[in-house]
Amino acid sequence: MTLPGIPADVHRALVAHLLEHSVRTGDFTLKSGRRSSWFIDSKQTACDPDGVLLMAGAALAVIPDDATAIGGLTVGADPVAYGVAAVAATRGRRLRSFTIRKEAKDHGVTGRLAGPLRAGDRVAITEDTVTRGTSLFEAVEVVRELGAEPVLIMPLVDRGGTCAAMAAEAGIAYRPLVTAPDLGFAYEGP
């Protein structure tokens, strides 16, 4: 599947927003235990009103027209999925947003799904920042178990540079909205 591109002005503005609000430089220990000279808290963009509009503009340029839902593993996917779906609705496009819980809930509405994902949905799987892809591919597995079809994996920021190969192996289109090199940094790897 060939994905349309993000308009250059939207991409530049999204990169600028991330650099101003989400990227920090210094000496950091990542979740993996590795050291890095930069850290990104992309929720600072994904939860900011201007950032939401930029993120949604970029996402809606690459999400296939036949996609019907957007979501992923909580908490990383939540602001991306909800923001993109809300902005999409203002533009006449219906994307249901959902969350995959980290663990199944055993009371009320049970299971890992929170939200209106339906069997047969064509889904954009998202995340705020991805390095190794663990959360993205856990969401892919759950979405498939629920009878929906992942058609796109779309992180806000690809920090690691390894998910494209993983997505290709899984037969799913991959399109990060911004990459580490876009932000002026090398990929961190797995």
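The numbers here are math on the coordinates, done by the rules we state, and not lab data. These numbers were taken from a predicted model, which means no experiment stands behind them. Reconstructed Cβ throughout: ideal geometry from the backbone, glycine too, with neighbour counts over all protein chains shown.
Backbone geometry of region 159-172 corresponds, through the Karplus equation with coefficients 6.51, -1.76 and 1.60 at θ = phi - 60°, to 3J(HN,Hα) couplings of 8, x, x, 10, 6, 4, 5, 5, 5, 4, 5, 7, x, 10 Hz, x marking Gly and Pro. Using DSSP to define loop residues, name the trypsin sites (Lys or Arg not before Pro) in region 1-81 whose beta-carbon has at most 13 other beta-carbon atoms within 10 Å. Filter output for region 1-81: K31, R34.
In this structure, R12 and A168 have a Cβ-Cβ separation that, at R0 = 45 Å, corresponds to a calculated FRET efficiency of about 0.95. Residues in region 56-64 carry Karplus couplings, in order, of 5, x, 5, 5, 5, 6, 10, 5, x Hz; the curve used is 6.51 cos²θ - 1.76 cosθ + 1.60 with θ = phi - 60°, and Gly or Pro positions show x. Candidates (i) 108; (ii) 137; (iii) 118; which is the computed volume of the Cα convex hull per residue in Å³? It is the one labelled (iii).
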